[in-house]
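The values are calculated or read from the model by the stated rules, or taken from the named source; none is laboratory data. Since this is a predicted model, take the numbers as computed values, not measurements. For neighbour counting, all protein chains shown are included, and Cβ atoms are generated from backbone atoms with ideal geometry for every residue, glycine included. We work out accessible area using only protein heavy atoms, side chains counted, and drop any ligands, DNA or RNA first. Shrake-Rupley method; radii C 1.70, N 1.55, O 1.52, S 1.80 Å.
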Amino acid sequence: MRSFFPFITFTLFFFFCLSSSAQWQLVHTGSAQVWAMTNKGNILYAGDLNGIYYSDDFGASWAVNTCQCNYVRNIVFWDSIMYVTSDYDGVFKSNDNGSTWVSIDSGIANPTQAWSLTHNDSLLILGTSGSFSGDKATIYISSDSGSTWTNVLVLTSQDVFYSFSILGNEIFAGVLPSGLYYSDDKGATWTLKNGIISAKHLGLGDTNLLCGVTGGTGGTYLSTDKGISWLNVLPVQYGYCFASYEQFTFTGNSNGFYYSTDDGYTWTADNLGLPATKHIISICVIDSIVFAGTDQGEIYKKDVTTISTQTTDVPDQMHSVFVFPNPTNDVLNIRFKSNEEYRFQLFNVLGEILLDVNLRDESNSINLSGFADDIYFYRFGINTNEYQSGKIIKQ
């Protein structure tokens, strides 16, 4: 008679493995914020205020890198060169995957304020922070792999160039608090794109620009017009980081880890196995493994293929209503995904109802040409149940 015990043992082992891969697994414990993570091939590099460490076995073991830098903000590979920015020690590069390093600070007024770094096909682009000692936030470019730097945009001592994103031929710079700057000539000159949004952490979906905002009401914002107008698509106060893999867009914030499969319009929380009290501040994907770094020094990982089976812990309706552009001139667009009939109300600053309409179509346009330039408030819901409210600026 055939025994069923081997089958039962295999089945239990299979479901145990499936359950383990479906939730986050702790792979590294440190003592400081993991602001930087990137990879070259299957080697994962991470940086915090104590320096750089790396793993070549998907987080199973770690080693300390030789770069003598603290407060690591960025780790970037360009061709065969590895670059690091530190807002304590400056800018470094390595031609041998981190075995040896050289400082590359020539031309940078205060290299100890080095924050963000990116590159296009011809230039390295560096963003610095202003400081209380009078140093001003500056964008520098280098055409010789960082040997020399030239400043191309100088703001104030209160600003910080937190991040860059490249979308097509344009480069976007997220500046706190001055707003979103952009360049359409590979970084040589820069223009203010949007001075309303406090553009701290930038990222990309497939075609949309994303921004994590930490000031005010905060949230993750989405722009379909290259930063002119924005939608708050994930109203979680602190938005930190973005990454993409196949059909997924990932973001980390003060509520944990979220993913989107529709280019950033709607988001689903995936926090099984993550500590509830820690912020996700960096994300990196290697093959089908996604790594998440926290503000308290931990790194977690999970298999991307298990993510789509998770469910959200935030009501879907909170993220399915889009009211844009904001600010607006004459037309306000309202987009939502539902079979329900929604009620849209517009109020003035005195609380008086100016519009009260029912909407059923997924895409709607409201004509505001008859309204004065002012601040208005809206409420969106079904009957008396409010699902979203907000402020609209008409100008």
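A few points about this structure:
- Selection within region 216-253 - under 12 Å from the mean Cα position of the chain (by Cα), more than 12 Å from Gly203 (Cα to Cα) and not aliphatic (A, V, I, L, M): Gly219, Tyr238, Asn253
- Scanning region 341-360 for residues that are exposed (fewer than 13 other Cβ atoms within 10 Å of the Cβ) and touching a strand residue (DSSP E or B) at 6+ places or on another chain (Cβ under 9 Å) returns Glu341, Val349, Gly351, Ile353, Asp356, Val357, Asn358, Arg360.
- A count restricted to region 77-122 and to residues that are in a strand (DSSP E or B), of a type in the set (A, V, I, L, M) and open to solvent by less than 20 Å² (accessible area, probe 1.4 Å) stands at 5.
- Near pairs, Cβ below 6 angstrom, 6+ apart or cross-chain, from region 38-55 (in contact (Cβ under 8 Å) with a residue 24 or more places away in the chain and charged (D, E, K, R)) to any residue that is open to solvent by 50 Å² or more (accessible area, probe 1.4 Å) and in a loop (DSSP other than H, G, I, E, B): Asp48/Gln33
- Qualifying residue in region 149-159 (condition: part of a loop (DSSP other than H, G, I, E, B), open to solvent by 30 Å² or more (accessible area, probe 1.4 Å), under 20 Å from Asn95 (Cβ atoms) and not charged (D, E, K, R)): no
- Residues in region 246-255 that are open to solvent by 30 Å² or more (accessible area, probe 1.4 Å) and either within 22 Å of Thr277 (Cβ to Cβ) or at pLDDT 90 or above (or both): Asn255 only.
- Of all residues in region 267-291, those being open to solvent by less than 40 Å² (accessible area, probe 1.4 Å), more than 21 Å from Ser55 (Cβ to Cβ) and in contact with a helix residue (DSSP H, G or I) (Cβ under 8 Å, 6 or more places away or on another chain) number 2.
- Ser163 vs. criteria open to solvent by less than 40 Å² (accessible area, probe 1.4 Å) and part of a loop (DSSP other than H, G, I, E, B): no
- The one condition from (1) at pLDDT 85 or above; (2) more than 16 Å from Thr266 (Cα to Cα); (3) open to solvent by 10 Å² or more (accessible area, probe 1.4 Å); (4) not polar (S, T, N, Q) that Tyr221 does not meet is (2).
- Sole exception among (1) among the polar types (S, T, N, Q); (2) open to solvent by less than 20 Å² (accessible area, probe 1.4 Å); (3) out of contact with any Gly (no Cβ under 8 Å at 6 or more places or on another chain); (4) modelled with pLDDT of 90 or more for Asn367, by number: (2)
- Filter result for Thr251 (of a type in the set (S, T, N, Q) and under 17 Å from Trp24 (Cα atoms)): yes
- Scanning region 171-197 for residues that are open to solvent by less than 50 Å² (accessible area, probe 1.4 Å) and assigned to a loop (DSSP other than H, G, I, E, B) yields Ser178, Gly187, Ala188, Trp190, Gly195, Ile197.
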